[in-house]
Amino acid sequence: MTEPAFLAAVSTSYDTVADTFAERFPPSRLGPLGHAMMRAFAEIVLAESKGPVVDVGCGPGGLTAELAGHGLDISGVDLSPRMVELARAAHPELRFSVGSMTALDLPDDGLGGLLAHFSTHHTPPEHLPAVFAEFQRVLAPGGHLLLGTHLGPDEHLRPAEAYGGHPVSYEWFLLPGERIAALIADAGLTVTARLDEPNPKGAGRSFAYFLARKDG
């Protein structure tokens with residue numbers, strides 16, 4: 001199968017910015033609502049589905065470690081080899097691997113939970129149905145997805161640099177929350193909760209968390 005072209009741009013860009021990203025975005029920057037969603041996700045998985053969890057697009061592994069601290073059996077996957085190196089160095093007690101959310105190296109129906117924390121917005125909208133279908137495939141019946149993402153009015157951004165002037169070639173694709181919720185539902189997952197968080201600076205894009213369950 002031919003790898004989608006956008007994946008190479010994402011991998012190369014995050015290899016370039018990984019060290020600066022890890023310094024600028026520790027888990028403590030998540031904010032109270034984000035941490036509350038992490039705790040709720042962990043409690044639901046532990047109470048209802050009880051299976052292993054994968055953090056897809058784990059970056060330097062801070063949230064993977066936070067969820068492990070809440071009692072989850074969790075590992076991390078990221079497209080950027082440098083991000084995985086940083087995650088392994090910072091959290092040697094956890095498992096991290098290089099991989100793509102478009103084709104997870106996981107069996108069908110095996111996960112109790114899947115976290116995708118601000119890791120899908122570089123995916124062109126035409127590829128999102130396949131990504132969400134992949135999430136649905138690897139979740140066990142009764143398993144839960146927590147998706148955190150940026151929201152926007154169907155906006156396509158092409159930044160030339162990021163995180164202190166590092167050159168990047170990835171793109172951003174911002175979608176309205178209603179469209180994201182519909183794509184999750186179309187993949188066979190039931191959205192059970194949604195939390196919208198306005199931009200703390202009062203302007204620009206906002207954020208949202210979607211909690212969804214695989215029925216069956």
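Annotations
- Condition check for GLU48: touching a residue at least 40 places away in the same chain (Cβ under 8 Å), over 27 Å from ALA9 (Cβ atoms), surrounded by fewer than 23 Cβ atoms within 10 Å (Cβ to Cβ) and not small (Gly, Ala, Ser): yes
- Look at (1) more than 18 Å from ARG213 (Cβ to Cβ); (2) open to solvent by less than 40 Å² (accessible area, probe 1.4 Å); (3) in contact (Cβ under 8 Å) with a residue 24 or more places away in the chain; (4) in contact with a Ser or Thr (Cβ under 9 Å, 6 or more places away or on another chain) and you find that LEU111 fails only one, number (1).
- For the range 154-211, the strands (runs of 3 or more DSSP E) that sit wholly inside it and include 3 or more residues that are touching a strand residue (DSSP E or B) at 6+ places or on another chain (Cβ under 7 Å) and more than 27 Å from SER80 (Cα to Cα) are 189-197.
- Residue count for the range 158-182, restricted to those that are touching a residue at least 60 places away in the same chain (Cβ under 8 Å) and either at positive phi or of a type outside the set (Val, Ile, Thr) (or both): 8
- Strands (runs of 3 or more DSSP E) (entirely within the range 1-120) containing at least 2 residues that are within 16 Å of the chain's Cα centre (by Cα), under 26 Å from LEU175 (Cα atoms) and modelled with pLDDT of 95 or more: 53-56, 74-78, 111-117
- Taking the criterion of being out of contact with any Gly (no Cβ under 7 Å at 6 or more places or on another chain), open to solvent by 40 Å² or more (accessible area, probe 1.4 Å) and either free of Cβ contacts under 8 Å to residues at least 60 places away in the same chain or charged (D, E, K, R) (or both), the residues of the range 1-34 that qualify are THR2, GLU3, ALA5, ALA8, ASP15, ASP19, GLU23, ARG24, PHE25, SER28, ARG29, PRO32.
- Test: THR149 is open to solvent by less than 60 Å² (accessible area, probe 1.4 Å), under 20 Å from SER80 (Cβ atoms) and either in contact with a Leu (Cβ under 9 Å, 6 or more places away or on another chain) or in a strand (DSSP E or B) (or both): yes
- Single residue of the range 124-145 satisfying the filter (in contact with a Gly (Cβ under 7 Å, 6 or more places away or on another chain) and of a type in the set (A, V, I, L, M, F, W, C)) that is surrounded by the most Cβ atoms within 10 Å (Cβ to Cβ): VAL138
The values are calculated or read from the model by the stated rules, or taken from the named source; none is laboratory data. From a predicted model like this one, the values you see are computed outputs, not experimental measurements. Glycine gets a Cβ as well: all are built from the backbone with ideal geometry, and neighbour counts include every protein chain shown. Ligands, DNA and RNA are stripped out before the accessible areas are found, and what is left, the full protein with its side chains, is counted by its heavy atoms. Shrake-Rupley method; radii C 1.70, N 1.55, O 1.52, S 1.80 Å.
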